[in-house]
1. Which one of Ala187, Ala155, Ala164 is surrounded by fewer than 14 Cβ atoms within 10 Å (Cβ to Cβ), under 28 Å from Ser76 (Cα atoms) and without any contact (Cβ under 8 Å) to a residue 12 or more places away in the chain?
2. Can you give me the ranges of the strands (runs of 3 or more DSSP E) entirely in region 94-208 with at least 3 residues that are within 11 Å of the ligand (Cβ to nearest atom), modelled with pLDDT under 95 and more than 30 Å from Ala66 (Cβ to Cβ)?
3. If a residue must be under 17 Å from Val50 (Cα atoms) and part of a loop (DSSP other than H, G, I, E, B), how many such residues does region 72-93 contain?
4. Yes or no: Ile4 away from the ligand (no atom under 12 Å from the Cβ) and outside any loop (DSSP other than H, G, I, E, B)?
5. Note down all Cβ pairs under 7 Å where the first residue falls in region 23-44 and is in the same structural domain as Asp78 (by TED's automatic domain parsing) and within 12 Å of the ligand (Cβ to nearest atom), the second is in a loop (DSSP other than H, G, I, E, B) and hydrophobic (A, V, I, L, M, F, W, C), and they're at least six residues apart or on different chains.
6. Working only within region 45-65, note down all residues that are open to solvent by 60 Å² or more (accessible area, probe 1.4 Å) and aliphatic (A, V, I, L, M).
7. In region 190-199, how many residues are loosely packed, with under 11 Cβ neighbours inside 10 Å and aliphatic (A, V, I, L, M)?
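The values are calculated or read from the model by the stated rules, or taken from the named source; none is laboratory data. Predicted, not measured: the structure shown is a model, and the values here were computed from it. Note: ideal-geometry Cβ built from the backbone for every residue, glycine included; neighbour counts use all protein chains shown. Side chains are part of the model used for accessible areas, which takes the heavy atoms of the whole protein and leaves out ligands, DNA and RNA. Shrake-Rupley method; radii C 1.70, N 1.55, O 1.52, S 1.80 Å.
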Amino acid sequence: MKNIVILISGRGSNMEAIVRAGLPARVAAVISNRADAEGLKFAAQSGLPVEVVDEREFSSRGAFDAALEAAIERHSPDLVALAGFMRILGGDFVRHYSGRVVNIHPSLLPAFPGLHTHRRALQEGVKLHGCTVHFVTPQVDHGPIIAQAAISVRAVDTEATLAARVLQQEHRVYPLAIRWFVEGRLAVENGIVRVDAPGARQALLVEE
Ligand code: GRF
C-alpha cells in the first residue's frame, strides 16, 4: 500500500475528506507547520501520526524546508499532499518531491493563483469558478493539472457562499485525484496529465 503524507496549516477539512475517503492507501502522517492548526485534532483523534514542524522555530526557509523534509521522510511517502498548507516551499524541496507532491487550489487555474480567489472571481465577474488539483512545481499554484471541478457563479453569490460551494467540490475532487495517483492512473507527458480512469471526465462536470 502506498503512503500518503498530508501537510496542513489550518482547518484541515481537505485532509479530513482524504482520510474519510477510504482510499487504497495509508495516510502515514499529518504534518503541520503550525502547532495550533485546527485539523491536527481530527488527525490525532483518528489515530494518525501527527507531527508539527513549527515554522517559527527556524530562522531561514532552507532550515525549515530541511526539517520538514526530514519529518516527511520518516514516513516513507509515496505522495505528499498539500491540503491548505500555507507556506511556500523552496525549489530544492519541490524538485526533491517532483511528481510526488500535489496541491489543491480554490480556483480554476491558471486563473487566480495566490490568495483571495473567491473575492477576485466575483470582482472579475467570471461565470465559472471552482478548484484545481495539480502537481506542484517551483512556481506557486502552477503545475500539471490533474483534476478540476467547476461551479457556476450565481448573481446572489458572496465570497462566503462561493467559498462554501467550492469547498464542497474540493472535498469531492481531491480524494478522487489522490485515488487516481495511488492507483497508478496518472501519466504526465509534456506537462499534461493523462488520466486513465473510468468516469474521469464526468467526475469533473460543472455543478449548476
Ligand atoms: C482550501 O480552500 C484549499 O483549496 C486552500 O486552502 C483551503 C484549505 O482548507 N489551499 P482546509 O484547511 O482543507 O479546510
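1. Values: Ala155 fails: under 28 Å from Ser76 (Cα atoms); Ala164 fails: under 28 Å from Ser76 (Cα atoms).
Going through Ala187, Ala155, Ala164 in turn, just one is surrounded by fewer than 14 Cβ atoms within 10 Å (Cβ to Cβ), under 28 Å from Ser76 (Cα atoms) and without any contact (Cβ under 8 Å) to a residue 12 or more places away in the chain: Ala187.
2. Details: elements: 101-105, 128-135, 145-152, 186-189, 192-195.
Of the strands (runs of 3 or more DSSP E) lying wholly inside region 94-208, none has at least 3 residues that are within 11 Å of the ligand (Cβ to nearest atom), modelled with pLDDT under 95 and more than 30 Å from Ala66 (Cβ to Cβ).
3. Taking region 72-93 first, the residues under 17 Å from Val50 (Cα atoms) are 72-77, 79-85.
In the following step, the residues that additionally are part of a loop (DSSP other than H, G, I, E, B) were identified as 74-77, 83-85.
Adding up the residues that qualify gives 7.
4. On the way: away from the ligand (no atom under 12 Å from the Cβ): yes; outside any loop (DSSP other than H, G, I, E, B): yes.
Spelling it out, Ile4 is indeed away from the ligand (no atom under 12 Å from the Cβ) and outside any loop (DSSP other than H, G, I, E, B).
5. Final answer for the pair search is Val30/Leu48.
6. Val52
7. 1
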